[in-house]
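**Q** Just dropping this structure here.
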Amino acid sequence: MERENQTSISEFLLLGFSSWPEQQELLFALFLCLYLAGLFGNIFILLAISSDHRLHTPMYFFLATLSVVDLCLPSSTVPKMLLDIQTQTQSISYPGCLVQMYFCMMFANMDNFLLTVMAYDRYVAICHPLHYSTIMTQHLCISLVGGPWVIAFLNPLLHTLMMTRLHFCSNNVIHHFFCDINALLPLSCSDTSLNQFLVLAVVGLIFVVPSVCILASYSLIISAVMKIPSVKGKFKVFSTCGSHLALVILFYGAITGVYMSSSSNSSTEKDTAASIIFMVIVPVVNPFIYSLRNNELKGALKKILGQSKIFSQ
C-alpha cells in the first residue's frame, strides 16, 4: 500500500552552481576555457603520438590511452554543466542521470588505473632500464590497458544496476553539477545500505589498491634515484617524477574526499570542489604534466603545429 502511494520521479534537478547566481558568467567562462584547453591539448598529444613512429613505445601508448580517457571524462559532465549554467534549465531525465553516472565512474576508474600503469612503466624504465624492452612487451602493455578497461566497464555497471532497484519518490534535487552516486543515494526512499556498502567496499578497493601500487613504484624510483652519483641526473628525475606524483596525490586526495566519506555528508560544496578537481582539472592537466619535460613529445608537437600553420596559409 505504501509503495502505491509513492510517485516515481522521472527527472532530477542538478542545482550545481545555482547558489552562486552572480558568478554564473564567470563560471561559464572558466569551465569552458578549462574544457577547451583539455580538449585541444589531448587531441594534439594524440596526433603527435600517432604521427611520429619514434613515439610508438609503451610509455607513449599509455599516454595516448590516458589522453583518450581525459577527453571522455570531462565530456561526460562539463557540456551538460555549461548548458545548465547558460540556459538555467537544470533538469536531467532519470535514465540520463544513470547514464551520466555510469560513464563518469567508468572514465574516473580508467584514469585511476592508467596513473597506476604509468607509474609502473616509469619504475621499470628507471629501476630496470636494461631489461625494459623485455619486460614491457606488447602483450603486457595490451594486458595492462585491456584488463583495466574490463574492470572499468563492469564496476560502474554493478553500481548502475544496483541503483535501478531503488525507488525515488519525492525529493529530486541533486546538490551537485552531475549525477554522482553519493548525491543520488540520499534521495532514495528505499533502503540504500547495500549500495552504500558497495560504494565503500568496491570503490575503495579499486582506488586504494592502485594508490598503494603507485606509492610503492615511486618509493622504489626514489630509492634508485638516490643511488645516481650525478646531482644533475637526480634533479632531472626528481623534477619529472615529482610533478607526476603531485598530480597523483591531487587526484587521489579528491577521490578520497568524495567517495570515502559517508553519503550523509555528500553533495556539499566541499564534495563539489573535490569532484571538480578529479573530473575536470586533473584530466586537463594530466597530459601537459606528463609531456612537459619530454623533448621527444615536444618535438612531435612542434612538428604538428608547424604543419597546421603551413596548411592555414
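The values are calculated or read from the model by the stated rules, or taken from the named source; none is laboratory data. Remember, predicted model here, so these are calculated numbers, not experimental data. Cβ: placed from backbone, ideal geometry, glycine included. Neighbour counts: every protein chain shown. What goes into the accessible areas is simple: the full protein's heavy atoms, side chains included, and nothing from ligands, DNA or RNA. Shrake-Rupley method; radii C 1.70, N 1.55, O 1.52, S 1.80 Å.
**Q** Can you name every residue in segment 90-121 that is closer than 28 Å to Trp20 by Cα, touching a Leu at 6+ places or on another chain (Cβ under 8 Å) and among the hydroxyl-bearing types (Ser, Thr, Tyr)?
**A** Ser91, Tyr102
**Q** Does any residue of segment 112-121 turn out to be assigned to a helix (DSSP H, G or I), over 17 Å from the mean Cα position of the chain (by Cα) and modelled with pLDDT of 90 or more?
**A** Yes: one or more hits.
**Q** Now a separate question. If we only count helices (runs of 4 or more DSSP H) wholly inside segment 1-110, which ones have 2 or more residues that are open to solvent by 20 Å² or more (accessible area, probe 1.4 Å) and under 30 Å from Gly204 (Cβ atoms)?
**A** 24-51, 58-75, 78-87
**Q** Given the conditions (1) under 30 Å from Glu11 (Cβ atoms); (2) out of contact with any helix residue (DSSP H, G or I) (no Cβ under 8 Å at 6 or more places or on another chain), and given that Gly146 satisfies all but one, which numbered condition is not satisfied?
**A** Status for Gly146: all satisfied but (1).
**Q** In the set Tyr102, Tyr132, which member is more than 25 Å from Lys80 (Cβ to Cβ) and of a type in the set (Phe, Trp, Tyr)?
**A** Tyr132
**Q** Which of the residues belonging to segment 212-236 are open to solvent by 30 Å² or more (accessible area, probe 1.4 Å) and either closer than 24 Å to Asn112 by Cβ or in contact with a strand residue (DSSP E or B) (Cβ under 7 Å, 6 or more places away or on another chain) (or both)?
**A** Hits for segment 212-236 are Val212, Cys213, Leu215, Ala216, Ser219, Leu220, Ile222.
**Q** Taking Ser190, is it open to solvent by 10 Å² or more (accessible area, probe 1.4 Å), free of Cβ contacts under 8 Å to residues at least 60 places away in the same chain and on the phi < 0 side of the Ramachandran plot?
**A** Spelling it out, Ser190 is indeed open to solvent by 10 Å² or more (accessible area, probe 1.4 Å), free of Cβ contacts under 8 Å to residues at least 60 places away in the same chain and on the phi < 0 side of the Ramachandran plot.
**Q** Here is a further query. Checking Ala183 against (1) open to solvent by less than 10 Å² (accessible area, probe 1.4 Å); (2) among the aliphatic types (A, V, I, L, M); (3) in contact with a helix residue (DSSP H, G or I) (Cβ under 6 Å, 6 or more places away or on another chain): exactly one of these is not met. Which one?
**A** Just one mismatch for Ala183, condition (3).
**Q** Report yes if Glu296 is at pLDDT below 75, touching a helix residue (DSSP H, G or I) at 6+ places or on another chain (Cβ under 8 Å) and open to solvent by 60 Å² or more (accessible area, probe 1.4 Å), otherwise no.
**A** yes
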